[in-house]
Each structure stands twice: as C-alpha cells, then as structure tokens.
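The values are calculated or read from the model by the stated rules, or taken from the named source; none is laboratory data. None of these values were measured; they are calculated from a predicted model. Glycine also receives a Cβ, built like all others from the backbone with ideal geometry; neighbour counts cover every protein chain displayed. Surface accessibility is based on the protein's heavy atoms, side chains included, excluding ligands, DNA and RNA. Shrake-Rupley method; radii C 1.70, N 1.55, O 1.52, S 1.80 Å.
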Amino acid sequence: MGRSGVGAVALFTLSLLFVSYKMVDSAIGVNWGTLSFHKMRPSTVVDLLKANKITKVKLFDTNPDALRALMGTGTQVMVGIPNEMLSSFNSDLFVQQNLSRFIGKNGADIRYVAVGNEPFLTSYGGQFQNYVVPAMVNLQQSLVKANLANYVKLVVPCNADAYEANVPSQGTFRPELTQIMTQLVSFLNSNGSPFVVNIYPFLSLYGNSDFPQDYAFFEGSSHPVPDGPNTYYNAFDGNFDTLVAALTKLGYGQMPIVIGEIGWPTDGAVGANLTAARVFNQGLISHVLSNKGTPLRPGSPLADVYLFGLLDEGAKSTLPGNFERHWGIFSFDGQAKYRLNLGLGNRGLKNAKDVAYLPSRWCVAHPSRDMTLVGDHLRLACSEADCTTLNDGGSCSQLGEKDNISYAFNSYYQMQMQNEKSCDFDGLGMVTFLDPSVGDCRFLVGVTDKGLSSSAEPMARWSIYHICIGGLIWTLTM
C-alpha cells in the first residue's frame, strides 16, 4: 500500500479512537475453515453469511480472497497466524500485507488477530509456547506504528486443556503454564483484549466412556456437579467457570471471555449425528443468548461465541477422529444440515445460492465387473479423498460392499474434478448420471471456486464414457 493508502487507514482508525471496548450482549459468530477438497467461491460464502445475518466470522489465516470478499460487508473478522509462523514472521510486514491493505473505508472490518491457535495444547509438548508472548509484543508495536492498535486487538485462542480442576471453583492453569499465562493475561488486560478459549463438550464425551451424556448438552443432567453453593448441570458452564476461577487466581477474574470454537459434529463417530448436533447447538445458542451467565458470573452475558464451524472441511486431518471433517452447520456446498435458529433474525438456516457445482454425474463400481482386486484402488481413493462417513458410526457405514466401493470411487472422482481417467480404476469404475445416494448417505457432486457453475457450461473436450442408465450400460461420446 502506498503513502496515500496508509494515510487513509490512519484517518479511518483515528475516527474509531473513541469507540470504547466493552462487552455487550452475547453475539453468535462462526469459524470459516477452508481445509476442503471442494471450495466454494469466497463471494458465495460471504453471501451465505449475509443471508443468515451472521456478522462475526473467524478465519484461521489471512486468506486474501476471503478478506477481499468480506470488504464492505460490515462483517467483523478475526484473522489468524498459524503456530508454525510464530517463531519467524516479520510483524511489520504482516501488518502491512494482511491488515493495513484491507482495512479502511469500505474495507474489511478486522477486529482481532489470533496469535497462534491453541499453542499451549498439551500434545504440542511446549514447542510453540515460548514464541507466543514475544510475537504479541512485536505485533502490538507494529499495530501502533500502523495506527491500528486502538482498533485491532490481539488474542490467543487457547484449548480448554490449559486449565484444570476437580470442580470449577478450584480451576487453575496447568503448573507449567502459570508464568506464561500470567504474562499473557496481563498483556490482554493492558490492551483491552479478551481471553479466547475453545470448549468442546463433544470431545469430553468422545474421549471418556464414563462422561455422562446428558451433561454434554443443555437440557439438564441427571449427573449434576455440586461445587459449594453452586451446582453445574452442563459441561459448558462447568468448563467456562473453571477458566473464570483460573483467571481469578491470577487477579483477572473479570476479564472478558470469548468462545473461539464450540460445536458438535454430524458424522464420523458414534454420537456424531444430525440430531445431536442440532440439539447441542440450539441449546448452546439459547443458553448464551439468554444472558443468564454462569454460576461464577451470574447475569453476566458472555462475549462473542464462534460456532465451529460454518462448513464441513473434508481435507482436515482425521488424527483426532473421523468426525473432524464434519463439524459444519452447513455441508461443504453451503446447504444447511439441520434446522437451527441462530437468534439473528431468521428462524432457520438459509442455503447458499449460485453454488458452482460440477456436472451432475457420479463414479460408481461397474455392476458387471469382478471386484476381487479392488483393494488397492480403495486404498488409493480413500487415502486421498474423504471416506470417513464409511467408518463405524458414519452415515454411510451401513452400505453394502458394492455401494462402499462406489462411495470411495466417487469421492476420489469428485476430488479430481471429475477427470474421466479418475473413474477408471482399471476398468472397475464407471460414470452414471443417476444419483447413487442411499438414504442418509449422500454421494456428493463437487463444487468449484472457479468461474460459473460448470453444469451450465459446455464440455471442454470430447470424452468417452461408459454410463449406467436404468441398469443398462451405454457408451457415449461427449
């Protein structure tokens, strides 16, 4: 950005100096993750946000296409710096390239920069934690130089494993984090930033067979947790107040708390289904928007709550579990998975429009071929594409053998943007125009973030297809 652009940013931010930083009633936002084989155009995603009156969105990076699409919308944005960048990035350059050039009149309304993502996670073994505070200090100095420090706030999304207790009132940060957490919350307090935490009752239930199932939800529990004069009937309140107690012990008991991630997956594990996700998320939203607070903060509304997530991400790592690819309240193509009232003015979710789908065709197992040698092809397909719904607990786990093969073939075919060679599998695959979906098991058609919907475009080249129509095999030149 040139000098005139920097001046415009300075004038814009000066006009915001008198905007006080204080928490008002709770607001619902969403996490927009982009680890997907099938990405919609950013403008389509932003239109989806607007249609659902979602005005707060959290990104995990500083994707320029996403930020450009958000410019002029009034949507408040949190951008992120990956953990791997904390040790080496240039803070001045980061602010110039990722903040200053997007902020301004009719620009992107970037309110937060997340410095790392759960950098204190136990499984990381401390590899990132010593870089967090120095990175924040450098970034704060760069924000000051760019005249953005009064508007853009730095935060560190923490996993709930950063603190511990047998009951909420005894909450403390892990002993090895006490010093760095004291530095962190002091920095946050000095700069008017909230504490950001990710809370996942689903993971508590998934990882512990003794965890009471009803305690994960908001309908009341037959296994409440007594804690002195207070009683906890859901895991969210108990987890939140454990953090409140830990902050209180450091002298920051009134620090605003933002929920950076919370949600429930719809597939990929026992207990991960549409009904449970709807009940949890609707219960959460009703609980948060009631502004009743929690036992340690009664009548005190939470700060922002970001649902995880907006869209399914089929390219996420499944190391934590197959459910990792199924957190979205919308499927990868922006279609609502279940009825949900976000409390933002619409009674239900509105689907994405003008989605650029690939043509309506699928790759399936050839009905007349011997599948004895299909094993290597299945391993190839499922090592590159998403087959998580086929596993135990998944929505496609009840398919027969041939349909299992077809699902894997089609997932790979769509990931390869329907390249005709990707449905060959040594003659074991074939293309069909008839949707092979079975019950709740959806055989997807991919989307593209390039150009117009390819279903409305002419074919780019001549191809020969073996097509299954009405149980008969036809050879077509297209």
Using the Kirkwood radius over C-alpha pairs as Rh, can you work out the diffusion coefficient of the stretch 178-282 via Stokes-Einstein at 10 °C, viscosity 1.306 mPa s, in µm² per second? 104 µm²/s
Can you give the translational diffusion coefficient of the stretch 295-436 in µm²/s, computed by Stokes-Einstein from the Kirkwood radius over Cα pairs at 25 °C and 0.890 mPa s? 140 µm²/s
State the percentage of accessible surface on the stretch 210-327 attributable to carbon and sulfur atoms; use a 1.4 Å probe and exclude ligands, DNA and RNA. 53 percent
Taking every pair of alpha-carbon atoms in the stretch 271-327, give the share separated by more than 16 Å as a whole percent. 56 percent
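If R0 is 35 Å, what FRET efficiency do you get for SER290 and LYS50 from their C-beta distance, rounded to 0.05?
0.85
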Pop the C-beta distance of PHE433 and LEU35 into the FRET formula with R0 = 30 Å and round what comes out to the nearest 0.05. 0.50
Cα extents of the stretch 68-224 along the three principal axes, largest first (Å): 53, 36, 26
Averaged per residue, what accessible surface does the stretch 95-210 expose to a 1.4 Å probe, in Å²? 41 Å²
Per the 1/(1 + (r/R0)^6) rule, R0 = 30 Å and r from the Cβ atoms of LEU373 and MET417, FRET efficiency to 0.05 is 0.70
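For the chain, what proportion of DSSP beta bridges, expressed in % and rounded to the nearest 5, is antiparallel?
Of those bridges, close to 40 percent are antiparallel.
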Using the Karplus curve 6.51 cos²θ - 1.76 cosθ + 1.60 with θ = phi - 60°, work out ³J(HN,Hα) for each residue of the stretch 82-88 in order, rounded to whole Hz, and write x for Gly and Pro. x, 3, 5, 8, 4, 7, 9
Send over the semi-axes of the stretch 400-439's equivalent ellipsoid, whole angstrom and largest first, taken as the square roots of 5 times the C-alpha gyration tensor eigenvalues. 16, 12, 9
Which order do the peptides 370-378, 402-410, 290-298 take when ranked by the mean count of other beta-carbon atoms within 10 Å per residue, highest first? 402-410, 290-298, 370-378
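Only four residue types carry charge here, +1 at the Cβ of Lys and Arg and -1 at the Cβ of Asp and Glu. Report the dipole size of the chain about the Cα centre in Debye, rounded to the nearest 20.
On the way: 34 positive and 39 negative charges, 363 e Å.
For the chain, the charge dipole is close to 1740 debye.
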Calculate the all-directions average of the projected area of the chain's alpha-carbon convex hull, and give it in nm². 24.8 nm²
For the stretch 393-398, Karplus-derived ³J(HN,Hα) couplings (6.51, -1.76, 1.60; θ = phi - 60°; whole Hz; x for glycine and proline) come out as x, x, 5, 10, 6, 9
The stretch 92-173: trypsin sites (Lys or Arg not before Pro) in DSSP coil with no more than 14 other Cβ atoms inside 10 Å: LYS105
Can you give me the span-like helices of the chain, meaning DSSP H runs with 20 Å or more of Cα extent along the axis and Kyte-Doolittle mean at or above 0.5? 274-289
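Given a 1.4 angstrom probe, what's the average accessible area per residue across the stretch 222-298, in square angstrom?
Roughly 37 Å² per residue, with all protein chains present.
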Go through the stretch 153-244 and name the GluC sites (Glu not before Pro) that are in a DSSP coil and have 13 or fewer other Cβ atoms within 10 Å of their Cβ. GLU219
